[in-house]
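*Asks:* What follows is a structure written as structure tokens; I'll ask about it next.
The values are calculated or read from the model by the stated rules, or taken from the named source; none is laboratory data. What you see is a predicted model; the values in this text were computed from it and never measured. Here the Cβ is made from the backbone with ideal geometry for all residues, glycine too, and neighbour counts use every protein chain on show. To get the accessible areas, we keep the full protein, side chains included, count just its heavy atoms, and leave off ligands, DNA and RNA. Shrake-Rupley method; radii C 1.70, N 1.55, O 1.52, S 1.80 Å.
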Amino acid sequence: ISMRIMLLSVCMDKEDMERLRSFATGWFDTLVSLGLSIQSAGYHYHGKNGFRGKLETARKSQVESWEQFHGIKHNHTLQAVREAIESGVLPLEARDQGGMMLAHVAAAYDRLDVLEWLVAEKNVDLDSIDGKGRNVLQVAEASKAPNTTLWIKQREARRVISSFLATHFHRHLAAKHKKRMTAATTKLQARYRGRAARKTHRVLLVRLGEAHRFRAIWARSSNVAIRSEGKTEPCTWSQIREKEFDMRHADGDKILVDEALSEAVSSALNVVDEHLDVLTVSDGDDGDSEARSSGSAQVEEITSEEERGAIDDDAKVSTCIQLSSNTVKWLRKCDEEYRSFFVKRMAQLASGHRSRALAKRLKGSKSGPVYESKLESGHRILWTPPTGSGDDLIVWYVTPHKHITRFMRLIDDSQSRSARQRMPVASALPELALVGLEASQAAPAANEKHILLDPHGNVPLKLYQVPVGELQDITDPSWTPKLRLTDEEREVVQGKGTILLLGRSGTGKTICICNRMDWDRLHYAHNPSFSQLFVARSARLCRYVEETIGSQSYCTFYTFGEVLRSLQAALPAYGGNDRIFLPSQRVTFARFKRDVYGGDKSGLDPLVVWTNIRTFIKGSIEATEDPDSIMSRECYLEEVGRKRCRLSSEQREAVYDTFLRYQKYTSELSLWDDCDRVISLLRRVIHAETSDPGCYERVRKSKIYVDEIQDYL
């Protein structure tokens, strides 16, 4: 800006001259605050009143404020820039040459750490305009600064998403409020209609009240009469109906119960017998079912010979009963009366007793027989019989009568899916039968284990094994069942030391971890210092395992990121290991591929190189034992066997050369990766063991279980 101010002193008095000088000085200050240069401003004035001196002072002040921006431009540390701003040497409202403010300069020179600090701590507005009318994002894009451009776009995207979610949340609250108002209105209308109906049918209500009073008088009179004769038979229709739980036959003396009726219909349809077997009940029969109450539950204890059933010679006598996890959950929630009656039913079935009340086969099962046992009038036990000499009776569900069909289909589907796993290849794919397969390939092995699948998922069924001699322990509220394990599962669950379990997706690795955690809980139940930590990559998997085995005060379910954050917050600082790991300085695979591996001509895939660096050179046991936390070149080339790393010597040389470039890149820019963070935490844990035993005991865990460990490499 070139300005010429011509002042005619002869035309102005002293007071007007002073006002003009103040106006001009204020004008220059305004131009400086807007970022406009006044270095080329000219003047034609005698300077008697000091105008030239003030202009020179404003020019010098503007140059000094421009020089304060050099700290950001020349990669000074964040701490130095922060001290300059907080001390007032570099004001927040200062502008660089061209009208750019602090946020514009940080974005233009790709200083993401300075930009994050300005936004987080000083609430700098990213929509502020520089001298050319550009906001911070436009300046970053014009300067081709990748990190700041990406960060500003992601921040803006998060802001838009948050605003969108907040708007829909308020809409959801409004819909919920409307639903509550509708429900309240419906209740009020129902009350009004009920009152109107009672007013309309007042005569009928009076008659019903008289009937109830008559019934109460009749019941008391009958009880007095029967008590005087020494009889204990029921004297009301409700008691008779509860005692018999049947329907009266036409001849009046015989009672046809529902079991006998079903058998009679079946016999009539099959033309096996000419007469129906009708059970008779005499006045003095003590074999009927007697209702007993426990809390809110009424359980029928069946003691008659008919419902106990005779011993079936074809039925296999079981030495153990296998209970599914659903059955165990039901036993833990039900009351003592239900548990005791369940034990009696299991003892009868294990000893070979069979009757229609004990073993009624359900229709519709295609893969194998499914039976129900009557627990009481409203609940049924669904079970399957043993299929081989070494198998046991399996109890799948204890369910209300109305859900029998649905659960029977789940059991049938589970058995069908389990059978398909053992299906011969020729029967699954008929076209392969023409290829001349060997017998060992065409049919399953004779000693192959029969693994049942869970009805609610494609994972092995979790079973608990209860010996017949220990059935009575189920009535104990503190009863804890033992897991039924195959030989392979037993090696995993009961093995000592560190266990690495390998298997493809869907083979039950997570279920084995759940079983191991259950087994450890039983084994260390009396140890007050016992603690468990489950680690997974996803929060969804953590919730699944927690729901499967149940939450306890000594058991923690964390994602990998939550473990690192909790350790970093809890452990004391140690030497140089209290480094702050800013998210903007983290090196990911995408950044490694773009900035480090871009010009590599070794022919290796960048993911292979990245995996070798994280797995062996920086993430192996040998690396953690090295003072520099890095595996040496000789160790990587010679001591890492072919089973651990399949790369040749030439390929390993290329990987290590790439690693050296990567180390130089991270040290120059003060960057870090996950291995650096883990090594820092390991050293702080070792230091805390001796310097702060109390803190070490708080973070120490007796058992650690890690799922999907390949995702951490």
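*Asks:* For the list (1) open to solvent by 10 Å² or more (accessible area, probe 1.4 Å); (2) under 37 Å from the mean Cα position of the chain (by Cα); (3) over 18 Å from L410 (Cβ atoms), I need the number of the one condition that S377 fails.
*Replies:* Going through the list (1) open to solvent by 10 Å² or more (accessible area, probe 1.4 Å); (2) under 37 Å from the mean Cα position of the chain (by Cα); (3) over 18 Å from L410 (Cβ atoms), S377 breaks only (2).
*Asks:* Does L323 count as of a type in the set (A, V, I, L, M), in contact with a Phe, Trp or Tyr (Cβ under 6 Å, 6 or more places away or on another chain) and either open to solvent by 20 Å² or more (accessible area, probe 1.4 Å) or at pLDDT 85 or above (or both)?
*Replies:* Yes: the conditions hold for L323.
*Asks:* Quick one: which residue in R180, R155 is free of Cβ contacts under 8 Å to residues at least 12 places away in the same chain, under 37 Å from the mean Cα position of the chain (by Cα) and open to solvent by 70 Å² or more (accessible area, probe 1.4 Å)?
*Replies:* Exactly one residue qualifies, and that residue is R180.
*Asks:* Could I ask something else about it? Out of curiosity, is L375 in contact with a helix residue (DSSP H, G or I) (Cβ under 8 Å, 6 or more places away or on another chain) and either of a type in the set (D, E) or at pLDDT 90 or above (or both)?
*Replies:* For L375, the condition - in contact with a helix residue (DSSP H, G or I) (Cβ under 8 Å, 6 or more places away or on another chain) and either of a type in the set (D, E) or at pLDDT 90 or above (or both) - is not met.
*Asks:* Any idea which residue in segment 538-555 is surrounded by the fewest Cβ atoms within 10 Å (Cβ to Cβ), counting only those that are among the β-branched types (V, I, T) and at pLDDT below 85?
*Replies:* Checked segment 538-555; the qualifying residue surrounded by the fewest Cβ atoms within 10 Å (Cβ to Cβ) is T548.
Okay, residues lined up against (1) at negative phi; (2) surrounded by 16 or more Cβ atoms within 10 Å (Cβ to Cβ); (3) under 22 Å from the mean Cα position of the chain (by Cα); (4) not in a helix (DSSP H, G or I):
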site	(1), (2), (3), (4)
M517	yes, yes, yes, no
R521	yes, yes, yes, no
S529	yes, no, no, yes
F557	yes, yes, yes, yes
R565	yes, no, yes, no
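So that you can scan it fast, the table gives a plain yes or no per residue for (1) open to solvent by less than 40 Å² (accessible area, probe 1.4 Å); (2) at pLDDT 90 or above; (3) among the aromatic types (F, W, Y):
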| site | (1), (2), (3) |
| --- | --- |
| P627 | no, no, no |
| K643 | no, no, no |
| K664 | no, yes, no |
| W672 | yes, yes, yes |
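*Asks:* Restricting the first residue to segment 112-134 and requiring it to be at pLDDT 85 or above and assigned to a helix (DSSP H, G or I), which pairs with a second residue that is among the hydroxyl-bearing types (S, T, Y) and crowded, with 17+ Cβ neighbours inside 10 Å meet a Cβ separation below 6 Å and a spacing of at least six or different chains?
*Replies:* So the pair list comes out as L112/T148; L115/T148.
*Asks:* Look at V114 and say whether it is open to solvent by less than 50 Å² (accessible area, probe 1.4 Å), in contact with a Phe, Trp or Tyr (Cβ under 7 Å, 6 or more places away or on another chain) and under 20 Å from I152 (Cα atoms).
*Replies:* It is false that V114 is open to solvent by less than 50 Å² (accessible area, probe 1.4 Å), in contact with a Phe, Trp or Tyr (Cβ under 7 Å, 6 or more places away or on another chain) and under 20 Å from I152 (Cα atoms).
*Asks:* Let me ask something else about it. Taking segment 677-707 only, how many residues are touching a helix residue (DSSP H, G or I) at 6+ places or on another chain (Cβ under 8 Å), of a type outside the set (G, A, S) and not in a strand (DSSP E or B)?
*Replies:* Residues that pass the stated criteria total 13.
*Asks:* Here is a further query. Evaluate segment 418-437: report whether one residue or more is within 30 Å of the chain's Cα centre (by Cα) and modelled with pLDDT of 75 or more.
*Replies:* yes
*Asks:* Are any of the residues in segment 197-218 under 30 Å from A357 (Cβ atoms), open to solvent by less than 100 Å² (accessible area, probe 1.4 Å) and either at pLDDT 70 or above or of a type in the set (D, E) (or both)?
*Replies:* Looking through segment 197-218, none of the residues is under 30 Å from A357 (Cβ atoms), open to solvent by less than 100 Å² (accessible area, probe 1.4 Å) and either at pLDDT 70 or above or of a type in the set (D, E) (or both).
*Asks:* May I pose another question? Being under 17 Å from D674 (Cβ atoms) and either more than 30 Å from the chain's Cα centre (by Cα) or assigned to a helix (DSSP H, G or I) (or both) is the filter here, so list the residues in segment 619-643 that pass it.
*Replies:* Within segment 619-643, I621, A623, T624, S629, I630, M631 meet the criteria.
*Asks:* A further question follows. Can you find even one residue in segment 595-617 that is open to solvent by less than 70 Å² (accessible area, probe 1.4 Å) and more than 30 Å from N147 (Cα to Cα)?
*Replies:* Looking for residues that are open to solvent by less than 70 Å² (accessible area, probe 1.4 Å) and more than 30 Å from N147 (Cα to Cα), one finds none in segment 595-617, hence no.
*Asks:* Among the numbered conditions (1) in contact with a Ser or Thr (Cβ under 8 Å, 6 or more places away or on another chain); (2) part of a helix (DSSP H, G or I); (3) hydrophobic (A, V, I, L, M, F, W, C); (4) surrounded by 18 or more Cβ atoms within 10 Å (Cβ to Cβ), tell me where V535 comes up short.
*Replies:* (2)
*Asks:* Counting just the residues of segment 295-320 that are loosely packed, with under 14 Cβ neighbours inside 10 Å, hydroxyl-bearing (S, T, Y) and out of contact with any strand residue (DSSP E or B) (no Cβ under 7 Å at 6 or more places or on another chain), which one comes out modelled with the highest pLDDT?
*Replies:* Applying the filter and picking the extreme gives T303.
*Asks:* Please go through segment 366-420 and pick out each residue that is β-branched (V, I, T) and in a helix (DSSP H, G or I).
*Replies:* I404, T405, I411
*Asks:* Report, ordered by the first and then the second residue, all pairs with beta carbons closer than 9 Å, sequence separation of six or more or different chains, a first member in segment 355-371 that is closer than 16 Å to W396 by Cβ, and a second member that is assigned to a loop (DSSP other than H, G, I, E, B) and open to solvent by 50 Å² or more (accessible area, probe 1.4 Å).
*Replies:* A359/D312; G368/T387; V370/G364
*Asks:* Additional query: Any idea how many residues of segment 454-475 are open to solvent by 30 Å² or more (accessible area, probe 1.4 Å) and among the acidic types (D, E)?
*Replies:* 2
*Asks:* In addition: Take segment 526-556 and flag every residue that is in contact (Cβ under 8 Å) with a residue 24 or more places away in the chain and hydrophobic (A, V, I, L, M, F, W, C).
*Replies:* F530, L533, F534, V535, A536, L541, V545, I549, C555
*Asks:* Another question, then. Pull up segment 470-497, narrow it to residues that are among the charged types (D, E, K, R) and touching a helix residue (DSSP H, G or I) at 6+ places or on another chain (Cβ under 8 Å), then point me to the one that is farthest from E337 (Cα to Cα).
*Replies:* E489
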